[in-house]
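Beneath this line is the structure, given in structure tokens, with notes to follow.
The values are calculated or read from the model by the stated rules, or taken from the named source; none is laboratory data. All values reported here derive from a predicted model rather than from experimental measurement. Using ideal geometry, Cβ is built from the backbone for each residue, glycine included, and neighbour counts are taken over all protein chains shown.
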Amino acid sequence: MRIETGQSLQPFQFDAPRLARAALRWMRQNLFNSWFNSLLTVLALAIIYEVVSGLASWGLFNAALFHFADGTISFGRDACEGATGACWAFVVSNWYLFFFGTYPYDERWRPLLAFGAIIVLGLVSIHPRARKSWWVRGPFLASPVWVLLMVRGVGVLDMQLVDSANWGGLMLSLILGTIGIVASFPIGILLALGRRSKKMPIIKALCVVYIEVIRGVPLITVLFMSSVVLPLFLPEGFNLDKVLRAQVGIIFFSGAYLAEVVRGGLQAIPNGQEEAAHALGLNYARTMGFIVLPQALRIMIPSLVSGAIGLFKDTSLVGIIGLIDFLAIAQLSTGNPTWIGRNVEAYVFIAAVYWLFCFNMSRYSMRLEGRLKTGHA
Amino acid sequence: MNNAQASGNGGPANVIEMVHVNKWFGEFHVLKDIDLTVKRQERVVICGPSGSGKSTLIRTINRLEEHQRGQIIVDGTELTSDLKNIEIIRREVGMVFQQFNLFPHLTVLANIMLAPIWVRKTPKEEAARLARELLVRVGIPEQADKYPGQLSGGQQQRVAIARALAMQPKIMLFDEPTSALDPEMIKEVLDVMRELAHGGMTMIVVTHEMGFAREVADRVIFMDGGQIVEAAPPAEFFSNPKEDRTKLFLSQILHH
């Protein structure tokens, strides 16, 4: 006779209960096991129903997507005639604007090709063997370079130079976010190591000052500084690319934040590890690279990914310095007289897209943790 | 290759010379005027109460602690702040810690191979071969592909000994190697250390294992309050201690 905790002795059947009975029993044990809990359950169910049904009726059942007339499907204004719910035709018909901003329509094959290639690489790397191959890794690691080249324009293939002022939408957010995360990571590690240094007090002081100053101000301030103040210090006529200014600001900001995350991870590694490495004759670089950092990174993964997710969402602030990123596009697109008043659809759409990216980042982090744990006992 | 060769046939007769070595931790004077000479292939056991400075003493030899005054010369190289000298010395001095300090994210084999590959530039295959030989020597060849966390304490310490031996050092330092082990595992580690001693390795062992000292040591040193109080061959040390402090310590430790 099995006794389950918190339950009084009751006769059980020895054969495995069928799923329905098990589910009912679970509900009785967890949701309805007391008057108070039952009340809470009912309340919660009521709230969930209200919210979900409201969303579903607005977003799904009463929504309009396309207009079917004369054998063609169109996503124009008339698709939403008479619909009381969401007008998703607005999102579909503005897809180019949302994804690429004010990028010249004629050159759209370039960003499409570049990001299409990234998606293909992503899909291919689902297969573990493909992930190890340098045919996948190489292009992936080099992606900032060729994506930027394709978007900006090289001289060949009749590619016209597209100034970064015209980059926008989700593409811009992804560029700023990805390069921001990737570039700020080594900076964060160096700053953390510098701050922990016992033999180089000047470096340590510089790192502390940098970290504390940058962390103490909001990202907007840093963006203003790099966007407005920095050009004042540059020589006459030296025009720094607007996106580059924002990118540099983002990298500096994220670097300071990540430095503290890395430092926390480093502190968690017992001194004995460094001592054993030194006793074996390993120098500072090898001790850090082979012994301390690999162990510390394992610990840091949740914090690092949180930082990355936060940074990606923070890139939406560049709207304030005049760059038309994903959020700014959503705000602007409703200014179009055809689609006036469709703000809710716009914001729900970009919220869903942001969520999709961030959720995938956190799933990736869980997979990373799982994979690295198998290395330990 | 045996330990006699490892201890080196060339070089000065005194592998370690410590002259008027003093160290402070802030205000606390932890090493007071230490004069110590260790000859090639000599086995020295250092004992004493907690806080006597014995661990600090051997940790200054490979610069895990810095001495503020005095001279330390290891195998002819003086130990100063000069990084080059420190690296030369660390290559010739192996250390085994009380807490093992194995690298948990690497396999046992990788733990042992790491230093030879990156410090002595040994090719990978040869380092692996050497590592497996050492594992046979310490008695646990079957654990090569396991992770440290999967091993018992005695096995972990034996891996730590193998890891230190992989660098083919001239001197081996042991900082209370069996103090963190369960009693039934102490013997297996002491057996390895005994075999090492019989093979001619120069060893300095900080330990409370007096049986080991009696059997293996050429000299037993008693430290108290940061000073070397008495030093003598084990027969003399245990049967005829001269200083009162030594007599007190022996009576406490040999009682049970």
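Restricting the search to helices (runs of 4 or more DSSP H) fully inside the stretch B:141-244 and requiring at least 1 residues that are away from chain A (no Cβ under 13 Å) and hydrophobic (A, V, I, L, M, F, W, C) gives B:183-198, B:210-216, B:234-239. Pick from B:Q143, B:Q71, B:Q157: which is surrounded by fewer than 19 Cβ atoms within 10 Å (Cβ to Cβ) and polar (S, T, N, Q)? Residue meeting the stated conditions: B:Q71. Out of the residues in the stretch A:271-285 meeting the condition of being facing chain B (nearest Cβ under 8 Å), farther than 12 Å from B:F97 by Cα and not aliphatic (A, V, I, L, M), tell me which one is surrounded by the fewest Cβ atoms within 10 Å (Cβ to Cβ). Result: A:N283. Applying the criterion of at least 3 residues that are facing chain A (nearest Cβ under 9 Å) and of a type outside the set (S, T, N, Q) to the helices (runs of 4 or more DSSP H) found wholly in the stretch B:52-127 leaves B:83-92, B:108-118. Scan the stretch B:201-222 and tell me whether some residue there is touching a residue at least 60 places away in the same chain (Cβ under 8 Å), of a type in the set (F, W, Y), surrounded by 14 or more Cβ atoms within 10 Å (Cβ to Cβ) and under 23 Å from B:Q99 (Cβ atoms). Yes, the conditions are met somewhere in the stretch B:201-222. Going by the structure shown, is B:L31 in contact with a helix residue (DSSP H, G or I) (Cβ under 7 Å, 6 or more places away or on another chain) and outside any loop (DSSP other than H, G, I, E, B)? Spelling it out, B:L31 is indeed in contact with a helix residue (DSSP H, G or I) (Cβ under 7 Å, 6 or more places away or on another chain) and outside any loop (DSSP other than H, G, I, E, B).
Looking only at the stretch A:211-244, residues that are without any contact (Cβ under 8 Å) to a residue 60 or more places away in the chain, out of contact with any Phe, Trp or Tyr (no Cβ under 7 Å at 6 or more places or on another chain) and under 28 Å from A:D325 (Cα atoms) come to 18 in all. Here is a check on your reading of the model: is A:I329 modelled with pLDDT under 90, part of a helix (DSSP H, G or I) and more than 14 Å from chain B (Cβ to nearest Cβ)? So A:I329 fits the description; yes. Against the conditions (1) assigned to a helix (DSSP H, G or I); (2) modelled with pLDDT under 75; (3) crowded, with 16+ Cβ neighbours inside 10 Å, A:R131 satisfies every one except (3).
If the condition is being within 14 Å of chain B (Cβ to nearest Cβ) and of a type in the set (G, A, S), then the stretch A:286-317 contributes A:G289, A:A296. Scanning the stretch A:185-199 turns up no residue that is under 21 Å from A:S254 (Cβ atoms) and hydroxyl-bearing (S, T, Y).
Filtering the stretch A:40-99 to residues that are over 28 Å from the mean Cα position of the chain (by Cα) and polar (S, T, N, Q) leaves A:T41, A:S53, A:S57, A:N62, A:T72, A:S74, A:T84.
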